[in-house]
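As structure tokens, the structure follows; a few thoughts come after it.
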Amino acid sequence: MIDSLFIAVTENNSALWSLCFAIGAGCFLTSLSRKTHLPTLVLLLLGGFLFGPEGFNFFDPKALGEFLPIFISLAVAIILFEGGLTLDLREFTQTSVVIQRLLTVGVLITWIGIAICIVFVFKTNISFALLMGSLVIVTGPTVIVPLLRRIRIQSRIANILHWEGVLIDSIGVFIAILCFEWVVEGGGTVAIPNFMIRILSGLLIGSIGGYLIYLCMERKWIPDTLINAFALASAMFIFGLTELVKPEAGLLSVTVAGIIVGIKKPHRLKEIKAFKAEIVDLLIGLLFLVLVARLELHQFKHFFSQGGLWVLIAVILVIRPLSVFISSYKTQINFREKLLLSWIAPRGVVAASMASLFAISLQNKEN
């Protein structure tokens, strides 16, 4: 009895320390990157390996146990809500054709193109190749927005990258979940109905929730001293409510809610954006440290020894440019701008989070 209690206390302390260390170290590395003008994600990636089990073993994300997937999902939801807040409808109208194509035709080209590469390189079946390809569809605001802050490019190109980064996260997540359930859970009879339920519930709850947030803020029903806390709590509530209807549908609902609030521009929206940006910086640092620390170096060796480098080359030099050039065909985007759009497509924390969640789910099924 005493031994069991001691083990439980030790595990709880280990989980608490891992979480606290990741928060503190992530914030420190983010601050360091701003002071030194070094890329934040590079420092976070190095920090994850250096502080994790593969380095000095200062913390172990596996100590978080079953709470890790829950925490990852909630953090990603807050990040996507903030991404929706930053969108401006005027930016969309200027380059709507290219954005719409990137989110439809571009997604299909990326998804299918990567799947074909994986089939040829790794000699796997098409179902698992489509699942692996779906995880690489997203770009993400967590990496696009910092890049746009550092480099000065034309506004219409920045608008395209910004809108693509925010909206493609939800699209990519839904496609990835569709593929996962198709491959793992039992085929289209399970995956397709769940896919439709997620879309409908996410759009409905997100739209209603976003409008109610706007209404409360615009009519000043919430005291100014609580407006930031209200926005954060509302996003978490919308996410949790949608997750009750259908797991993983909450990411779409918070994105839709954020977009509606951002477009309607209620009272004190600027203060909320500033507060949310700080929270998101904290969460990005935490998530990258935790997710990178879960990786093992031998996984990289195995990936590249099996021909993974060819997949990376194909994605960067063939698939992304093909997606951009087709999506911008017969538009005002010139050749140099197309090349720039082709070159900027980093994968962010959403892609890493979904890959980690799928890996954890597969491990649990095997056990």
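The values are calculated or read from the model by the stated rules, or taken from the named source; none is laboratory data. Just so it is clear, the model here is predicted, and its values are computed rather than measured. Cβ placement follows ideal geometry from the backbone for every residue including glycine, while neighbour counts extend to all protein chains displayed. The protein model used for the area step is the full one, side chains on, heavy atoms only, and it has no ligands, DNA or RNA in it. Shrake-Rupley method; radii C 1.70, N 1.55, O 1.52, S 1.80 Å.
With the other protein chains left in place, how much accessible area per residue, in square angstrom, belongs to segment 109-216 at a 1.4 angstrom probe? Please report the intermediate quantities before stating the final value.
Working: 4540 Å² over 108 residues.
Accessible surface, normalised per residue, equals 42 Å².
Figure note: 275, 120, 180 ranked by solvent-accessible area, largest first, 1.4 Å probe, ligands and nucleic acids not counted: 120, 275, 180. For segment 209-367, the equivalent ellipsoid derived from the alpha-carbon gyration tensor has semi-axes of 36, 25, 15 Å in decreasing order. Heavy atoms of the protein chains alone define the surface here; on that basis segment 21-80 has 51 Å² accessible area per residue at 1.4 Å probe size. Between residue 96 and residue 343, the modelled labels are 3.1 nm apart [label points 7 Å from Cα along Cα→Cβ].
The accessible-area ordering, largest first, of the residues 230, 304 stands as 304, 230, per a 1.4 angstrom probe.
Per-residue ellipticity at 222 nm computed for the chain from its helices equals -25500 deg cm²/dmol, with DSSP H segments shorter than 4 residues left out and the rest contributing -39,500 (n - 2.57). When 37, 162, 302, 267 are compared by accessible area of protein heavy atoms, the largest-first order is 37, 302, 267, 162, using a 1.4 Å probe.
Within the full protein context, the accessible area of residue 265 is estimated at about 100 Å² for a probe radius of 1.4 Å. The modelled label-to-label distance between residue 237 and residue 62, using points 7 Å beyond Cα along the C-beta direction, is 4.0 nm.
Please report, to two decimal places, log10 I(q)/I(0) for the chain at q = 0.07, 0.09, 0.10 Å⁻¹ as given by the Debye formula with identical point scatterers on the Cα atoms and no solvent. Scattering profile of the chain, log10 relative to I(0): -0.31, -0.52, -0.65. Once all protein chains are placed together, residue 34 keeps about 120 Å² accessible to a 1.4 angstrom probe.
Please report Rg over Rh for segment 153-192, where both radii come from the alpha carbon positions and Rh follows the Kirkwood definition. Kindly include the intermediate steps, with their values, before the conclusion.
Values: Rg = 15.4 Å, Rh = 11.7 Å.
Result: Rg/Rh = 1.31.
A 1.4 Å probe, protein heavy atoms only, puts the accessible area of residue 196 near 90 Å².
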